[in-house]
Amino acid sequence: MSAPARGAYLVDEATRQLVPPEPPWVGRVQTVIDEDEVRLVTPRGIEWTARIQHLRLATEEECGAYDAAVPRQAQGVRS
């Protein structure tokens, strides 16, 4: 994979755990550091650096789950 664009949804396979079983993290690209690394962020704002060689594009389902997990601010009208 070449350096992804900012905002791309990616899965970091290096974060997968076998014991206890846990799927890899899905993140969005915040910063392209260089040709080998990017900075990703989870829906809750946790950032980490990932090596591009461990990344794959997120599926539609993974992107949807990411978007659903992003906290939304209550939008009200002031009176």
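The values are calculated or read from the model by the stated rules, or taken from the named source; none is laboratory data. None of the values given here were measured: they were computed from a predicted structure. Glycine also receives a Cβ, built like all others from the backbone with ideal geometry; neighbour counts cover every protein chain displayed. The area values use the complete protein model at the heavy-atom level, side chains included, leaving out ligands, DNA and RNA. Shrake-Rupley method; radii C 1.70, N 1.55, O 1.52, S 1.80 Å.
Filtered by the rule that a residue be under 14 Å from Pro4 (Cα atoms) and touching a helix residue (DSSP H, G or I) at 6+ places or on another chain (Cβ under 6 Å), the range 37-64 gives a lone residue, His54.
For the range 5-19, the criterion of a residue being open to solvent by less than 60 Å² (accessible area, probe 1.4 Å), assigned to a helix (DSSP H, G or I) and touching a Lys or Arg at 6+ places or on another chain (Cβ under 9 Å) is satisfied by no position.
Contact annotation: no residue pair with Cβ atoms under 8 Å, 6 or more positions apart or on different chains, pairs a residue in the range 19-32 that is over 17 Å from His54 (Cβ atoms) with a partner that is part of a loop (DSSP other than H, G, I, E, B) and open to solvent by 80 Å² or more (accessible area, probe 1.4 Å).
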